[in-house]
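Step one of this worksheet: look at the structure below.
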Amino acid sequence: MRRFTLTLLSLLMLPLLGNATHYRAGEITYRQIRLLTYEITAVTYTDPRMTGADRPSIEIDLGDNTIKTVDRINGNGTIIRNDANNQIKKNIYRTTHTYSGPGKYLISLEDPNRIAGIRNINNGQSVEIPFYVESYLNIISGNYNESPVLLLPPIDVGCRNRIFTHNPAAYDPDGDSLSFTLIPPKRGRGQDVQNYTTPFFSDSFSLDVNNGQVTWTTPQIGGPYNIAIKIQEFRKGILIGFVVRDMQIFIYDNCINRPPSIVAVQDTCIEAGELLRKTITATDPDGGQRITLEPYGGPFVQVVSPATLGPNNEGISPLNSTFNWKPSCYAIRHRSHQAVFRATDNNQPDGLTDIRFWNIKVVGPAPRNLKIVQDSNGFRLNWTPDSCGLAYGYKIYRRIDSSNWKHARCETGVPAYTGFTLLDTTSGLLNTSYFDNQFGRGLSPLIRYCYVVTTMYPPRSENGNLIFSEETESYASDEVCDLILRTKPILTKASVETTSESNGKIRVEWLNPNQLDTVDQFPPPYRSEVVRAIAGTTSFVSTGTSINYPNFAALNQKGSLLDSNLNTQTSSYDYKIVFYYTKDGSEKRMDESVPGSSVFLKNYDSDKSILLNWSYQVPWNNKLVKVFKKNQLGTFDSIGISSTGFFTDQGLENGKTYCYKVETIGNYDTAFINETIFNFSQEICGAPVDTIAPCPPVLTIDTPCNNFNTFKVGLKWGYPGNCDQDVVEYRIYWKKNQKDTWTLLGSIPATSSSWDDNRAILKQSIAGCYAVSAIDSNGNESKLQNTHCIDNCPYYTLPNVFTPGEDDDVNSKFVPFPYRFISKVNVQIFNRWGQLVFETSNPDIMWNGKDQKSGIDCAAGVYYYIGEITESYLTGEQNRTIRGSIHLIR
């Protein structure tokens with residue numbers, strides 16, 4: 001902060017300095033040029049008529065206890081407006097600074113004075129108020145960052161009774177998310193300007209938080225106004241910086257001019273390398289005026305392949321100019337680029353403007369030439385490396401059966417509605433091959449698997465630096481699909497037939513391979529062996545069952561096994577079929593099927609309902625699940641179907657037992673196996689139980705603040721009539737303040753609806769919060785809602801006269817009037833010479849009129865006391881000082 005000392009000469013010159021007004025607007029931005037080194041730029045806008053207040057250099061606080069004098073780099077400044085009422089000079093100051101390490105730094109500029117007569121600052125008395133702007137820099141280790149760049153100057157004009165719009169054309173070179181907020185202009189760090197008001201409007205004054213568009217509907221009083229816009233940049237939800245822009249708007253009176261209008265353009269997306277061409281049209285309602293159309297925003301400041309607007313950027317209404325942009329791959333980013341157009345008419349001196357913004361998202365090209373080839377029990381995918389050469393990896397998505405989906409123009413990645421799920425990722429530009437065998441389990445034969453691939457682009461700044469931000473996903477590739485041929489066994493059933501802890505039974509069925517080289521590679525005879533493992537483990541053991549096939553023709557028969565002596569009540573089982581062939585007189589293992597599990601059913605008992613949930617891992621595609629419930633005859637009836645993995649049976653009787661099982665219904669690709677696959681789960685039983693908590697009681701409190709004669713806090717509550725009336729008990733809770741934890745004070749039967757808090761602690765303070773919960777017959781407790789907090793209402797007053805030595809005991813001791821709700825007291829009593837005669841921490845004081853040390857009676861006369869009273873409130877303990885005099889009468 002700059003310090004100024006007023007000398008006698010400066011005091012004599014105060015009337016002259018009062019005219020040395022110059023600051024109109026400004027901001028500070030920064031750019032990282034090395035690891036901890038930043039280029040810092042301050043731009044200010046001043047009144048050039050105040051030559052005595054010109055600043056060839058300024059002081060900038062760099063936020064690390066360094067204040068640096070920074071020279072102006074644009075000579076004597078640049079005059080950007082020179083009409084009689086509104087003369088403006090632009091000043092640019094630039095320096096570099098190296099910080100000691102990662103941290104949070106507030107860079108600021110403070111300097112007197114603002115221009116005079118700013119309508120919405122200090123009732124127009126703005127001349128003595130300093131100008132202050134700041135920017136926040138959060139240096140995160142290993143993370144590159146530049147501040148937002150504000151491409152449109154913070155100086156604008158409007159007319160009374162005309163809608164005014166302005167956009168700072170903020171552009172973040174790193175592609176960070178920007179948020180815009182209106183704040184009062186500042187006069188120093190942490191200090192708003194005095195008596196700031198929102199500019200006077202007829203309807204509204206607003207700022208769009210997402211794009212920074214200021215809309216003023218409509219200005220009512222002419223003259224200069226200042227507002228401040230805080231532009232915050234977020235990266236993965238972390239605030240990494242902000243810039244505060246202090247801008248000035250000059251409103252002209254009695255304008256006959258009307259602002260031009262730019263035809264709105266719909267937001268769009270464009271693939272990197274493609275040409276985006278659009279006509280931008282501006283019209284003027286007054287006719288005959290010349291319009292200037294100016295472009296701002298991210299597309300126009302790209303380092304590689306920037307956008308252009310032309311060739312007709314000035315002319316008579318209507319003015320048509322062509323936007324052209326063929327964005328490079330370096331323009332690919334998670335967030336849209338914003339193109340801003342400003343149309344200004346040539347009416348003098350009050351040329352008016354209209355501003356429109358256009359969001360353009362640049363998307364990476366989809367991976368090309370995606371191919372799929374079967375490789376053993378999986379598919380190998382291959383595609384062409386990213387044509388931009390910037391990918392750091394690829395995402396592989398998969399679904400069952402074709403989606404026939406093609407991305408829309410602004411649809412990147414792979415939306416969930418397509419049915420595709422993310423299967424895996426690869427790392428590196430050239431890592432363009434992927435083998436899918438279900439992570440070692442193998443893909444299911446005769447299931448049609450479909451794939452798409454997207455490119456992942458790293459977050460990258462405009463100059464190519466990698467940053468810690470959101471990655472960008474390209475368009476999705478074309479879809480490819482294929483299915484595994486029957487070169488190995490295929491499971492078709494794993495259905496529970498008997499539920500038991502020790503004698504459970506599961507029916508297992510399978511199909512043998514139908515495509516084998518039986519002459520050279522896999523000659524007969526053949527054997528299929530059934531192996532099993534408890535689901536979720538990899539310890540497969542033989543079931544002891546094998547089927548022999550003398551020749552290839554015998555493989556046409558379906559294999560079947562009833563696996564017995566199992567614990568199907570609490571376990572699910574995985575099955576595989578291992579296939580063997582015979583060559584050179586010895587049996588050899590050829591391949592095995594993809595494992596499949598039995599269906600396992602679970603129940604979750606709730607109030608008058610049972611939730612069923614099932615799980616399985618099978619190589620076929622289950623489409624539906626049928627739910628069965630056991631009836632009074634002991635047989636099962638179908639009660640519903642589900643495709644979501646769960647089912648809730650409602651309207652049940654609490655405490656009654658209900659039994660269930662489910663049947664899955666699925667298939668392989670019907671073009672090859674036209675057979676529906678049915679599999680049952682084990683049987684389970686459950687009994688609904690009340691787990692629903694009662695409603696919270698509605699609490700009211702009668703505090704002793706309303707009755708001086710009591711210390712108790714009275715609680716009353718009512719139970720909502722539209723709730724379940726199964727309530728057997730109420731519990732009363734208390735806590736000292738809102739941040740404390742609840743303490744149970746007591747419980748009472750549901751026949752009562754009131755309770756008095758008579759605790760002795762209340763004599764010191766009644767501050768606290770109360771809540772009442774309801775308990776039902778199953779022990780469910782309601783939430784602690786409808787809480788009430790009451791604050792303390794202490795009272796402590798001392799008399800001004802007492803008569804020690806009297807026998808009536810009425811005024812024989814100096815004691816307070818009846819008091820309450822006091823935590824602590826410390827009182828000292830002095831004679832008129834300032835000598836301490838008595839002190840105590842007893843709230844009742846009990847001074848008998850004697851000197852506390854000598855025990856001698858104090859003389860009649862006036863004594864003085866000072867005391868510190870400690871009172872407890874919801875916000876904590878507070879000390880209050882009391883002072884007064886006592887007339888001791890003997």
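Overview of results
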{"quantity": "Enumeration of residues in region 245-269 that are open to solvent by less than 50 Å² (accessible area, probe 1.4 Å), under 35 Å from the mean Cα position of the chain (by Cα) and among the polar types (S, T, N, Q)", "calculated": "Gln248, Thr268"}
{"quantity": "Region 183-225, subset free of Cβ contacts under 8 Å to residues at least 60 places away in the same chain and not in a strand (DSSP E or B), residue surrounded by the fewest Cβ atoms within 10 Å (Cβ to Cβ)", "calculated": "Gly190"}
{"quantity": "Out of Thr499, Thr487, sole residue that is more than 50 Å from the chain's Cα centre (by Cα), open to solvent by 10 Å² or more (accessible area, probe 1.4 Å) and hydroxyl-bearing (Ser, Thr, Tyr)", "calculated": "Thr487"}
{"quantity": "Ala366, sole failed condition from (1) more than 30 Å from Leu207 (Cβ to Cβ); (2) open to solvent by 30 Å² or more (accessible area, probe 1.4 Å); (3) within 35 Å of the chain's Cα centre (by Cα)", "calculated": "(2)"}
{"quantity": "Of all residues in region 412-436 being β-branched (Val, Ile, Thr) and in a strand (DSSP E or B), the one that is most open to solvent (accessible area, probe 1.4 Å)", "calculated": "Thr421"}
{"quantity": "Test: Asn369 is within 30 Å of Arg486 (Cα to Cα), among the polar types (S, T, N, Q) and touching a strand residue (DSSP E or B) at 6+ places or on another chain (Cβ under 9 Å)", "calculated": "yes"}
{"quantity": "Condition broken by Lys230, with the remaining ones in (1) of a type in the set (D, E, K, R); (2) part of a loop (DSSP other than H, G, I, E, B); (3) out of contact with any Cys (no Cβ under 8 Å at 6 or more places or on another chain) satisfied", "calculated": "(2)"}
{"quantity": "Region 727-745 - residue that is in contact with a Phe, Trp or Tyr (Cβ under 7 Å, 6 or more places away or on another chain) and closer than 29 Å to Thr870 by Cβ and, of those, most open to solvent (accessible area, probe 1.4 Å)", "calculated": "Leu744"}
{"quantity": "Boolean, Ile692 is under 41 Å from the mean Cα position of the chain (by Cα) and in a loop (DSSP other than H, G, I, E, B)", "calculated": "yes"}
{"quantity": "Filter result (at positive phi and of a type outside the set (S, T, N, Q)) within region 194-229", "calculated": "Gly212, Gly223"}
{"quantity": "Residue that is modelled with the highest pLDDT, among those in region 616-633 that are surrounded by fewer than 15 Cβ atoms within 10 Å (Cβ to Cβ) and closer than 26 Å to Tyr573 by Cβ", "calculated": "Leu624"}
{"quantity": "Scope region 687-709; condition out of contact with any Cys (no Cβ under 8 Å at 6 or more places or on another chain) and farther than 18 Å from Trp755 by Cβ; matching residues", "calculated": "Ala687, Pro688, Val689, Asp690, Thr691, Ile692, Ala693, Phe708, Asn709"}
{"quantity": "Qualifying residue in region 765-775 (condition: within 21 Å of Asn654 (Cβ to Cβ), assigned to a strand (DSSP E or B), at pLDDT 95 or above and in contact with a strand residue (DSSP E or B) (Cβ under 9 Å, 6 or more places away or on another chain))", "calculated": "yes"}
{"quantity": "Unmet criterion (only one of (1) closer than 30 Å to Gln650 by Cβ; (2) among the aromatic types (Phe, Trp, Tyr); (3) open to solvent by 80 Å² or more (accessible area, probe 1.4 Å)) for Phe708", "calculated": "(1)"}
{"quantity": "Filter result (open to solvent by 40 Å² or more (accessible area, probe 1.4 Å) and over 42 Å from the mean Cα position of the chain (by Cα)) within region 644-660", "calculated": "Glu653, Gly655, Lys656, Thr657"}
{"quantity": "Scope region 49-75; condition open to solvent by less than 40 Å² (accessible area, probe 1.4 Å) and of a type outside the set (Gly, Ala, Ser); matching residues", "calculated": "Ile58, Ile60, Asp61, Leu62, Val70, Arg72, Asn74"}
{"quantity": "Top-ranked residue in region 661-690 [being more than 12 Å from Ser609 (Cβ to Cβ) and small (Gly, Ala, Ser); ranked as surrounded by the most Cβ atoms within 10 Å (Cβ to Cβ)]", "calculated": "Ser681"}
{"quantity": "Within region 123-150, considering residues that are over 32 Å from the mean Cα position of the chain (by Cα) and closer than 23 Å to Asp61 by Cβ, the one surrounded by the fewest Cβ atoms within 10 Å (Cβ to Cβ)", "calculated": "Glu128"}
{"quantity": "Filtered residues of region 403-417 (kept if of a type outside the set (A, V, I, L, M, F, W, C) and either farther than 26 Å from Phe672 by Cα or in contact with a Lys or Arg (Cβ under 7 Å, 6 or more places away or on another chain) (or both))", "calculated": "Lys406, His407, Arg409, Glu411, Thr412, Gly413, Pro415, Tyr417"}
{"quantity": "Selected residue (only one of Cys793, Cys789 is out of contact with any strand residue (DSSP E or B) (no Cβ under 7 Å at 6 or more places or on another chain) and surrounded by 14 or more Cβ atoms within 10 Å (Cβ to Cβ))", "calculated": "Cys793"}
{"quantity": "2 or more residues in contact (Cβ under 8 Å) with a residue 60 or more places away in the chain and under 22 Å from Leu178 (Cβ atoms): qualifying strands (runs of 3 or more DSSP E) within region 267-352", "calculated": "268-271, 290-297, 337-345"}
{"quantity": "Given (1) touching a residue at least 60 places away in the same chain (Cβ under 8 Å); (2) more than 59 Å from the chain's Cα centre (by Cα); (3) part of a strand (DSSP E or B), index of the condition Gly884 fails", "calculated": "(2)"}
{"quantity": "Breaking point among (1) part of a loop (DSSP other than H, G, I, E, B); (2) over 35 Å from the mean Cα position of the chain (by Cα); (3) surrounded by fewer than 18 Cβ atoms within 10 Å (Cβ to Cβ); (4) at pLDDT 85 or above, for Asp482", "calculated": "(1)"}
{"quantity": "Tally of residues being closer than 19 Å to Ala42 by Cα, in a loop (DSSP other than H, G, I, E, B) and more than 39 Å from the chain's Cα centre (by Cα) across region 81-122", "calculated": "3"}
{"quantity": "Count - residues of region 373-390 that are touching a Gly at 6+ places or on another chain (Cβ under 9 Å), aliphatic (A, V, I, L, M) and at pLDDT 95 or above", "calculated": "0"}
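Matching residues to (1) of a type in the set (Ser, Thr, Tyr); (2) touching an Asp or Glu at 6+ places or on another chain (Cβ under 8 Å); (3) open to solvent by 30 Å² or more (accessible area, probe 1.4 Å); (4) part of a strand (DSSP E or B):
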position	(1), (2), (3), (4)
Pro818	no, no, yes, no
Asp844	no, no, yes, no
Ser854	yes, no, yes, no
Ile869	no, no, no, yes
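Matching residues to (1) surrounded by fewer than 21 Cβ atoms within 10 Å (Cβ to Cβ); (2) of a type in the set (Gly, Ala, Ser):
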| site | (1), (2) |
| --- | --- |
| Glu294 | yes, no |
| Gln302 | yes, no |
| Ser305 | yes, yes |
| Thr308 | yes, no |
| Gly315 | yes, yes |
| Leu319 | no, no |
| Phe323 | no, no |
| Asn346 | yes, no |
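The values are calculated or read from the model by the stated rules, or taken from the named source; none is laboratory data. This structure is a prediction, so every number in the text was calculated from the model and none was measured. Positions of Cβ are generated from backbone atoms using ideal geometry, with glycine treated the same way; all protein chains shown enter the neighbour counts. Protein only, heavy atoms only, side chains kept; ligands, DNA and RNA dropped before computing areas. Shrake-Rupley method; radii C 1.70, N 1.55, O 1.52, S 1.80 Å.
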